[in-house]
Amino acid sequence: MSELTKNVQPLQDFDWDQFENGTSANVSKEELDKAYDETLNKVSEHQVVDGTVISVDKKEVVVNIGYKSDGIIPASEFRYNPDLKAGDTVEVYVENAEDKKGQLVLSHKKARMSKSWERVNAALDAQEIIQGYIKCRTKGGMIVDVFGIEAFLPGSQIDVHPIRDYDQFVGKTMEFKVVKINQEFRNVVVSHKALIEAELEAQKQEIIGKLEKGQILEGVVKNITSYGVFVDLGGVDGLIHITDLSWGRVDDPHKVVELDQKINVVILDFDEEKKRIALGLKQLTPHPWDALDPNLKVGDHVKGKVVVIADYGAFVEIQPGVEGLIHVSEMSWSQHLRSAQEFLKVGDEIEAVILTLDRDERKMSLGIKQLKEDPWETIEVKYPVGSKHSAKVRNFTNFGVFVELEEGVDGLIHISDLSWTKKVKHPSEFTQVGAQIDVIVLDIDKENRRLSLGHKQLEDNPWDVFEEKYTVGSIHEGKITELLEKGAVISLDENVEGFATPKHLQKEDGTQAQAGEVLPFKVIEFNKDSKRIILSHSRTFEDPQREEKKAAAKKARAPKADTPKIENVAASTTLGDIDVLAQLKAQMEKGE
C-alpha cells in the first residue's frame, strides 16, 4: 500500500449501485473534499519538517512532505551536499503552504539555519566530523558553508602542506572539524588539517624514529623561502638551510632548486621532541677546497667574482665554494683608510694575487694592489728632490697639509713652507681639502713612505728684497688688520706683515690706534731669518721731537766769543763741526 492511500477508509453508507448507475448525486462535493484531505498531512506554515527528495536537477530539487503538492527548492541551497539524490530525507522550512499559483513554498536553507547554531556547537563539543561547502576565498583563507552558517577556514588549516593555489578549493565539499566558536559574535572557525594531523603525527613519529645522522633520503621540495628549502620526506618535513644548499654562496634558493623537484638530501641533525630535521644538499658533493688545484701557491694570479663586500674588504669566489678575502689595505698602495666599496662592487669579475693560502683551514687572502708596481720602489726617479708637481689636498693638521701626489704617494707641506710672507695660523686659511696645490719635493723618507714638500719654495724668497726696503729707521705706510692682546698686525706692501706692541700704537693726540686705520710706521727691528718686522707709529713723531730738543739744548750750551773777528771764524768752524756730529748721532740712533 502506498504512502498516499494507507489512510483511506471506505464510506459506511456508500451506495455502489447508484455509483455504478451514475446516480450518486446524494454525495456532496464538500464530503468528497473532506475525504480527500484526510488522506494528506496537515501542514503548518513557518515550521521545519522532514521531506523526501523526489527529483534533483541542476536548477531545482523537488521535495515531497506528504502535502497535496510538492515543494520546489533551488539547487543552490544544496551545494554543500553534491551527493544529494532522489529518496534522501531532508529538512525543509515551510514558508507558504500555497502561494498565488497554488504552489507549496519550501526552503532548505532556512530549515538548516533554524538549527545550525545548536548543531555547530554540538559538533565542537563532540569533535564531530562534518561536511561543508567552500563558497569563496577571503583574506587569509576561505569561507565555508556549514549547516547554513558561513564559517572561516584559515589558509593554514586547509592542509598540512602550504597551499599555493587557493582557488582550486572553491566549489568543493570537504570534511571539517569545528575548532573554535565565538559565542558573542557567532563566528565559527573550521579546520580540514585537524582531520589528518593525528594520522600524520603517528606517521611522523615512525619516520623520525628511523632517522640517523648521515642518512641519505629522497624528498620532494614543498616550499622555498628566503632562508632555506622545506623538503617532504614522505610525511615529515625537513629544512635545508640556505647555507647548506651549495658550497658556493646562495642569494636566492630558487636558483638551486624548484618546487615539486625530487632531490636527494642528507640528514645533518634532528630533534625528536621538536620534530625538526636539518638537511643538507651540498654535503652530497665533495668540498670544493679538496678539489682545488694542488699546484696553486702564494704569488699566483687568480680570477674570480666579488660575492660579498664590506667596509673592511671583499670576498672573491675563484670557484664555487672557494673564496678569498681581499682586505681593503690590499686594494691600494695608498695608506689612507678607505672603504672597500670605493674600489669594488658585488658582481665584479677581477684578477688578484694570492697572498696567503691555508688549505687545512680553507682560508685564502688575496690582493689587487700587487698587480701594480709599488710607486715607492722607484720614488727617487719619479719624484726627485727639487722636482715640481701638482698634488691633491687630503687633510689638515695644526702643523701642515697632507697631500697625495698619486695613489700611494703622500707628502706633507709644513705650515711654515706654505708662504714666505703670510703668517698662516692654520692650513685651512691657505687651502681646502680636495683642492690641487703645486709643490716642490724637499726631502724623501723612503722608509716611512713620506715626502717632505714645500709650496713657498716655488717662488724666490722675497725677504731678500725686503731686507733692502725695510731697513731699520725707514718709514712706511701700513694698515692695522688685527688687534691682539700683545699688539697689532700691520699689513705693508708686497703682502708682508709687521707687528707693533701697544706702546707703539699710541698716536700723537694721545689716543690708541684702532683696527682698520692706515698710519705711517717706522721700522725699529728687521729679522730676515725669523721673518719678523717690528714697527712703531709713535716713533714717527716722537723721534723728530726728541732730535729738535737735543739740537736746541746743544745750541744753548755753545760758548760766547769776545772778539767779533775771532768769534766769526770760530763760530763758523764750530757750527760746521756740530752739524757733522749731529748727523752722525742721528744715524747712530737710527741704527739703534
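The simple spin-label model puts a point 7 Å past each Cα toward its Cβ; for residue 484 and residue 210 those points are separated by 9.4 nm. Take 180-193, 317-330, 374-387, 494-507 and order them by the average number of nearby Cβ atoms within 10 Å per residue, most first; the result is 317-330, 494-507, 180-193, 374-387. Solvent-accessible surface of the stretch 104-186, averaged per residue with a 1.4 angstrom probe and all protein chains in place: 54 square angstrom. Distance between the C-alpha centers of the stretch 299-321 and the stretch 144-190? Whole Å please. Using only Cα atoms to place each centre, the spacing works out to 52 Å.
Only one residue of 56, 120, 67 has its Cα farthest out toward the positive end of the dipole of the stretch 43-138, where Lys and Arg carry +1 and Asp and Glu -1 on Cβ, and that residue is 56. In terms of Cα atoms, the Rg and Dmax of the stretch 282-419 work out to 19.5, 72 Å.
With a 1.4 Å probe and every protein chain kept in, tell me what percent of the accessible surface of the stretch 454-521 is carbon plus sulfur.
47 percent
A protection proxy built from the mean count of other Cβ atoms within 10 Å ranks the segments 446-459, 539-552, most packed first, as 446-459, 539-552. Given R0 = 30 Å, the distance between the Cβ atoms of residue 99 and residue 135 translates into a calculated FRET efficiency of 0.55. Near the amide H of residue 279, within less than 5 Å, lie the amide hydrogens of 239, 240, 241, 268, all on another chain or at least 5 residues away, with H placed in the peptide plane. At q = 0.16, 0.24, 0.25, 0.26 Å⁻¹, what is the log10 ratio I(q)/I(0) for the stretch 395-467, with the Debye formula run over Cα points and no solvent? Debye intensities relative to I(0), on a log10 scale: -0.57, -1.13, -1.20, -1.26. Taking a cut-off of 15 Å between Cα atoms, list the aspartates and glutamates near residue 392, but don't count ones fewer than 8 places away on the same chain. Partners found: 404, 406, 407, 410, 438. The lysines within cross-link reach of residue 297, meaning a Cα-to-Cα straight distance under 16 Å and a gap of 8 or more places when in the same chain, are 363. For residue 422, a cut-off of 18 angstrom between C-alpha atoms picks up these lysines, skipping any fewer than 8 places away in its own chain: 456, 469, 479, 528, 531. Dimensions of the stretch 147-281 from C-alpha coordinates, computed as largest minus smallest value along each principal axis and given longest first, are 55, 32, 26 Å. What a 1.4 Å probe finds exposed on the stretch 287-411 is 51% carbon and sulfur by accessible area, rounded to a whole percent. With protein chains left intact and a 1.4 Å probe, residues in the stretch 313-376 average 51 Å² of accessible area per residue. Here the Karplus relation 6.51 cos²θ - 1.76 cosθ + 1.60, evaluated at θ = phi - 60°, turns the backbone of the stretch 245-257 into coupling constants of 7, 8, 5, x, 6, 10, 9, 9, x, 4, 6, 9, 10 Hz, with x for every Gly and Pro.
The values are calculated or read from the model by the stated rules, or taken from the named source; none is laboratory data. These numbers were taken from a predicted model, which means no experiment stands behind them. No Cβ is skipped: glycine too gets one built from the backbone with ideal geometry, and neighbour counts run over all protein chains shown. Ligands, DNA and RNA are excluded from the accessible area calculation, which covers all protein heavy atoms including side chains. Shrake-Rupley method; radii C 1.70, N 1.55, O 1.52, S 1.80 Å.
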